[in-house]
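Student: Here's a structure for you.
The values are calculated or read from the model by the stated rules, or taken from the named source; none is laboratory data. Note that the coordinates shown come from a computational prediction; the quantities given were computed from them, not determined experimentally. Cβ sites come from the backbone with ideal geometry, for glycine too, and all protein chains shown count toward neighbours. Areas reflect the complete protein model, heavy atoms only, side chains present, ligands, DNA and RNA absent. Shrake-Rupley method; radii C 1.70, N 1.55, O 1.52, S 1.80 Å.
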Amino acid sequence: MKPRIMVVEDEQPLLLMLKYNLEAEGYDVATIERGDEAEMRLSESVPDLLLLDWMLPGVSGIELCRRLRARETTRRLPIIMLTARGEESERVRGLATGADDYVVKPFSVPELMARVRATLRRANPELIASVLKNGGIELDRETHRVRRDGRELRLGPTEFRLLEFLMQNPTRVQSRAQLLDGVWGRNVYVDERTVDVHIGRLRRALGPGRDLIRTVRGAGYAFDA
Ligand code: CA
């Protein structure tokens, strides 16, 4: 499952360059050119990292950052601010407003990619680890193998992604809508009951022993080790 990055930047050539390079690094990239539009999208779906330009039409990056920090769902969203050269004092304000890091334009692509990776790793090491281990489960993202207490399990591709998604944020309850968004993708129409069907298959594939998938009535599912 690819880490999801939202890029908010009103200079189109830069936006396209970022999208191209981030996709080449294996990220799932959403691009937006206005601050107010970004705010609307973020109230519907929260990515794993936000690359945010400082000067934007609609709502400025700095103001958007401040609002996101005040909101429960985006309080801990990793944010990297993009600032123009010579905005040193503004850069300081950027950090004060709660950005995790900042990059000064023009920046080198490898440097930005390193910052993105480091910020993602700090925020959630599970997101980019090649093997997830928890509760006796070992999920290998590279070989697509899953073991429970050393014994290999057979999982269908959807069950694999579902387990991966749940293990990325252990103990956190994921709603059916969040699971659909993260596992099936945001542009696919799937009935929410499909989630229950695949959770059932995942539970059977995990075999006997303690049930690692917790059902939270009216809310969704969580991975509990
Ligand atoms: Ca700008």
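Student: From Cα coordinates alone, what are the radius of gyration and Dmax values for the stretch 4-125 in angstrom?
Tutor: Taking only Cα atoms of the stretch 4-125, I get Rg and Dmax of 12.9, 34 Å.
Student: Rank 190, 103, 173 by mean-square fluctuation in a GNM of the chain with C-alpha springs under 10 angstrom and give only the top-ranked residue.
Tutor: Among 190, 103, 173, the largest mean-square fluctuation in the Gaussian network model of the chain belongs to 190.
Student: So which lysines can residue 19 reach, going by Cα to Cα under 29 Å and dropping same-chain residues fewer than 8 places off?
Tutor: 2, 105
Student: If you fit an axis through the alpha-carbon atoms of helix 157-168 and take the longest principal axis of the Cα set of the chain, what angle between them do you get, 0 to 90°, nearest 10?
Tutor: Rounded to the nearest ten degrees, it is 60.
Student: Ignoring any ligand, DNA or RNA, what whole percent of the accessible area of the chain comes from carbon and sulfur when the probe is 1.4 angstrom?
Tutor: Answer for the chain: carbon and sulfur cover 48 percent of the accessible area.
Student: Positive end of the dipole of the chain, charges at C-beta (+1 Lys, Arg; -1 Asp, Glu), about the Cα centre: which of 22, 219, 129 has its Cα farthest in that direction?
Tutor: Result: 219, furthest along the dipole toward the positive end.
Student: Also, I was wondering about something else. Kindly write out, for the stretch 56-64 in residue order, the coupling ³J(HN,Hα) from the Karplus curve 6.51 cos²θ - 1.76 cosθ + 1.60 (θ = phi - 60°), rounded to whole Hz, with x marking Gly and Pro.
Tutor: Residue by residue, the stretch 56-64 yields 9, x, x, 10, 5, x, 5, 5, 4 Hz.
Student: Using a 1.4 Å probe, what is the accessible area per residue for the chain, in Å²?
Tutor: 52 Å²
Student: Could I ask something else about it? How big is the chain along each principal axis, measuring the range of its Cα positions in Å and listing the largest first?
Tutor: 61, 34, 29
Student: Taking 30 Å as R0, compute the FRET efficiency from the Cβ-Cβ separation of residue 11 and residue 142 and round it to 0.05.
Tutor: Here the calculated transfer efficiency is 0.25.
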